[in-house]
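Trainee: If you scroll down you'll find the structure; I have some questions about it.
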Amino acid sequence: MGISRFNVKFVAVDWIVPFWWKVAYLIINDGIKGIAEKFKNPIDERFNKVVTKHLQAYIDDNKMPPAEIAPAIMNLADDFAAGRQMCVRAGDYIAIQGFMRQGKE
C-alpha cells in the first residue's frame, strides 16, 4: 500500500535524467543576468585612449610603441592590416592594463 521511499526517489530520478541539461542550465544561469550586466563593457575609456594613441602612432607614423605593450599593439595592427576585426587578446589586455597601472601612460 503506497509508494515506498525508494520508488519515489527512483521515479524522480527517472523523470529528471532525460532532462538533466534543462535543470543544469537553469541552475547555472540563475543569477547570470546580474553578472552579465557588470561585464557588459569591461574596457574603459582610458584603456581605449592608450590603445588608440599607440596604434595610430604605429600605423600612421611607423613609431614603435613602448616595449611592454609592443606585442599587443602590433597584434592589433596586424588584425587591422589583414582586414580582420581587431581583437584584444587576453594576454594583450593584461599587458596593457599592467602598463597603465605602472603609471607609464
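Trainee: Give me the Kirkwood hydrodynamic radius of segment 45-101, using the inverse of the mean 1/r over all pairs of distinct Cα atoms, in Å to one decimal.
Mentor: 11.2 Å
Trainee: Please list 3J(HN,Hα) in residue order for segment 55-71, calculated via the Karplus relation 6.51 cos²θ - 1.76 cosθ + 1.60 where θ = phi - 60°; whole Hz, with x for glycine and proline.
Mentor: After applying 6.51 cos²θ - 1.76 cosθ + 1.60, I find 5, 5, 5, 6, 6, 7, 9, 6, 9, 5, x, x, 4, 5, 10, 4, x Hz.
Trainee: By how many nm would the segment from Asp61 to Val88 lengthen if fully extended, with 0.36 nm per residue of separation less the alpha-carbon distance?
Mentor: Gain on extension, Asp61 to Val88, equals 7.6 nm.
Trainee: Another question about this same structure. Going by average Cβ neighbours within 10 Å, how do the peptides 96-104, 68-76 rank, with the highest at the top?
Mentor: In descending order of packing, they fall as 68-76, 96-104.
Every number in this text was worked out from the coordinates using simple rules, so none of it is lab data. Remember, predicted model here, so these are calculated numbers, not experimental data. Cβ atoms come from the backbone with ideal geometry, glycine included; neighbour counts cover every protein chain shown.
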